[in-house]
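The values are calculated or read from the model by the stated rules, or taken from the named source; none is laboratory data. For clarity, every value in this text was computed on a predicted model and none was experimentally measured. Reconstructed Cβ throughout: ideal geometry from the backbone, glycine too, with neighbour counts over all protein chains shown.
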Amino acid sequence: MKKTLALIWISLSVALLAHGQPLPYLKEPAFQAGEELSYRLRYGMISAATGTLKVEDSKIKFSSPHSFHLSARGRTSSAFSIFFTVDNRYDSYIDSRTFLPHYYTENIREGNYRRTDIVRFDHRTKTVQGNKGTFKSKSTQTFDLLSAYYFARNLDLSQVKKGQSFELTYFLNDEIATLGIEYVGVETIKTNLGTLECLKFSPEIKPGRIFKKDSRLYLWVTNDGNRIPVKAQVEILVGSVTLELTDAKGLKYALGEKAK
């Protein structure tokens, strides 16, 4: 289950990103300081975990004139904590113009396991400094878990076509890796916040101890000015896992409203 939660979280982060040359993005961000999103993860009918993401103006100064402080916290629910307890905190500081990360931290508490990661990005030299040394990236746009999620929301998708594949470079657990995603199309779905038109994606997964041979992970992102992931779902060897948006505060646009 722990690996399943991590995969869905990574997929949310990178589900809109294109392969190859520098990824095009909109000049005006789809989010603003004061935004707060809440999610619930269900294993079958059991509420397994909750997550909260926030955007603030950064109090820490970097080379850019203005930076955002992004934060996320994920915790297992009281019912699921009987089996396994997770309480993780993630923080990322990004340039408000390019949405690239300056600095990233993880505070991981999973059962008896503890880990604290501190990551620094140098996009000029395409290097990432983590706990186990300095890593070289092939991309001029390398992200952490959180910055990938928010950069994805601000991509220019005007040229995206059904069936097109995507790929993003990201740094996680002292490793630079990529993840591929397929754009499936536009679909209108019912959510906890109403019926919304969404962009549907299918991030790649590998069959094994968690997923069935033919399992596919699907992700729905609002087709509006906010570009918020509202739902993710995947079948596993025993049952299914679903992630749903439960609340959204401080949005730049009303849900369903196109960017101006």
Suppose we keep only residues that are touching a Ser or Thr at 6+ places or on another chain (Cβ under 9 Å) and outside any strand (DSSP E or B) within the stretch 238-260. Which one would you say is surrounded by the most Cβ atoms within 10 Å (Cβ to Cβ)?
L255
Return a yes/no flag: does the stretch 157-168 have any residue that is surrounded by 14 or more Cβ atoms within 10 Å (Cβ to Cβ) and at pLDDT 90 or above.
no
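Kindly indicate whether S158 is farther than 21 Å from G180 by Cα, assigned to a loop (DSSP other than H, G, I, E, B) and among the small types (G, A, S).
On the way: farther than 21 Å from G180 by Cα: no; assigned to a loop (DSSP other than H, G, I, E, B): yes; among the small types (G, A, S): yes.
For S158, the condition - farther than 21 Å from G180 by Cα, assigned to a loop (DSSP other than H, G, I, E, B) and among the small types (G, A, S) - is not met.
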Among (1) touching a Ser or Thr at 6+ places or on another chain (Cβ under 9 Å); (2) of a type in the set (A, V, I, L, M); (3) within 13 Å of I189 (Cα to Cα), the one test that I228 misses
(3)
Identify, by number, the condition in (1) in contact with a Gly (Cβ under 9 Å, 6 or more places away or on another chain); (2) in a loop (DSSP other than H, G, I, E, B) that N88 doesn't meet.
(2)
State whether the residues of the stretch 114-123 include one that is surrounded by 14 or more Cβ atoms within 10 Å (Cβ to Cβ) and farther than 29 Å from Y25 by Cβ.
no
Out of F171, F143, I need the residue that is touching a strand residue (DSSP E or B) at 6+ places or on another chain (Cβ under 6 Å), within 14 Å of F99 (Cα to Cα) and surrounded by 14 or more Cβ atoms within 10 Å (Cβ to Cβ). Which one?
F143
Condition first: farther than 29 Å from F135 by Cβ and acidic (D, E). Can you find one or more residues in the stretch 167-182 that meet it?
no
Looking only at the stretch 189-207, count every residue that is assigned to a strand (DSSP E or B), surrounded by 12 or more Cβ atoms within 10 Å (Cβ to Cβ) and of a type outside the set (F, W, Y) and tell me the total.
9
Anything in the stretch 211-237 that is closer than 18 Å to N154 by Cβ and assigned to a loop (DSSP other than H, G, I, E, B)? List them, or say none.
N223, D224, G225, N226, R227, I228
Enumeration of residues in the stretch 42-54 that are part of a strand (DSSP E or B) and either more than 14 Å from the chain's Cα centre (by Cα) or among the small types (G, A, S) (or both):
R42, Y43, I46, S47, A48, A49, T50, G51
Consider G20 against the criteria (1) modelled with pLDDT under 80; (2) under 24 Å from F121 (Cβ atoms); (3) in contact with a helix residue (DSSP H, G or I) (Cβ under 9 Å, 6 or more places away or on another chain); (4) assigned to a loop (DSSP other than H, G, I, E, B): it satisfies all of them except one. Which criterion is unmet?
(3)
